[in-house]
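Asker: I have a structure I would like to understand better, so I am pasting it below and will then ask my questions one at a time.
The values are calculated or read from the model by the stated rules, or taken from the named source; none is laboratory data. Note that the structure is a prediction, hence the values are computed from the model and not measured. Neighbour counts are summed over all protein chains in view; Cβ atoms, including those assigned to glycine, are modelled from backbone coordinates with ideal geometry. All accessible areas refer to the heavy atoms of the entire protein, side chains included, with ligands and DNA or RNA removed. Shrake-Rupley method; radii C 1.70, N 1.55, O 1.52, S 1.80 Å.
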Amino acid sequence: MTAARFRVGPSDGPTVADVLERMGGASRGLAGAAAEGRAFLNARRARPDDAVVPGDELAVWPARRDAPGAPPVEVLARWGEILVASKPAALPTAPERRGTRSLITEVAELLGLRAPPHAASRLDVGVSGAVLCATGPRGQRHLAAMREAGRIARVYVGVAGGRIEGAGTWDAPIGAARSRGGRSLPAVGGAGAKDAATRYRAVASAGGGAAAVTLLRLDPVTGRMHQLRVHAAHAGAPLLGDRDHGGARSWTTARGRVLPLDRIALHALRVTVPDEAGVERAALAPVPDELRDLWGALDGDGSAWEEVLTATPEASLPPGLPSGAR
């Protein structure tokens, strides 16, 4: 599919929304394109209230509706210009250029916001859980300051293929490496590698031998792309369903049952951040049914999910990383 392109004229209006309304009339295919993330002003993603001048170019990509069966987005907590939303695994955090449903556009529609909120971090497609967002510039500045100060804490839970025991810190540096398919993916020791640290703790295990799996609590200290996935793979136990980093596409249990893996077995369970008054705010995203069902099919103990938050990770960090870094 290709984009429809428009050159802004003198009488088309002062904003992106005005131009699209004029070009599209009553057709939401154009009029709603900016709110859905499908409109680009001079090659940059446009918001409805972005100003335009004659001669600017608007490109609008046709709508594409992926993940039609995705669970609904939920707003877990909201204070001031900050909110935490729960992202289903099938949705991207932000819209792709062709307007695929996304967490932030769904939140905007759910809350009646004029423009989608800003996501302070992104969860990959295939990963579910809590995403911290700002609905205005003040909230965005606050989250940026908290991130810089290392005051945003996140807890993830994942199911890894293989046996991991105890607790510790994975600290292999992460950069970019070209995959066999031509894509540049994060990898340990790749080009431009930067320090990275993930605290981990094995909460429970199931299966045995080649069918062994481990339920992990993962606390990112730094925030590199795909960090948790790369570190788990480097430890010899890639997360189930993580095809980009060696994770299984299906899993054969100790009883010989073959389980298809339609998502990455990783969930952002909790996010904590101080508000502008310095009060710690936390939001918990319940573990989705498909992960609980997967763990049960692997003969895992269902009570282990509730143990994740009490199974605190090891406190030590590698040299050179501040104790508050996130």
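Asker: Just one of Val155, Val131, Val159 is open to solvent by less than 30 Å² (accessible area, probe 1.4 Å), more than 30 Å from Ala211 (Cβ to Cβ), at pLDDT 95 or above and part of a strand (DSSP E or B); which is it?
Answerer: Every option except Val131 fails the conditions.
Asker: Something else about it: Please go through the range 230-266 and pick out each residue that is of a type outside the set (A, V, I, L, M), surrounded by 13 or more Cβ atoms within 10 Å (Cβ to Cβ) and in a loop (DSSP other than H, G, I, E, B).
Answerer: If the condition is that a residue be of a type outside the set (A, V, I, L, M), surrounded by 13 or more Cβ atoms within 10 Å (Cβ to Cβ) and in a loop (DSSP other than H, G, I, E, B), then Pro238, Gly241, Asp242, Gly246, Gly247, Thr253, Asp262, Arg263 are the ones that fit.
Asker: What pairs can you find where one residue is in the range 181-208 and surrounded by 21 or more Cβ atoms within 10 Å (Cβ to Cβ), the other is in a loop (DSSP other than H, G, I, E, B) and polar (S, T, N, Q), and their Cβ atoms are less than 6 Å apart, with a gap of 6+ or different chains?
Answerer: Ala196/Thr222; Ala197/Thr222
Asker: Return yes when Pro220 is closer than 17 Å to Val155 by Cα and either open to solvent by less than 30 Å² (accessible area, probe 1.4 Å) or within 23 Å of the chain's Cα centre (by Cα) (or both) and no when it is not.
Answerer: Answer is yes for this residue.
Asker: Using the structure shown, decide if Ala130 is of a type in the set (A, V, I, L, M) and closer than 22 Å to Leu284 by Cα.
Answerer: yes
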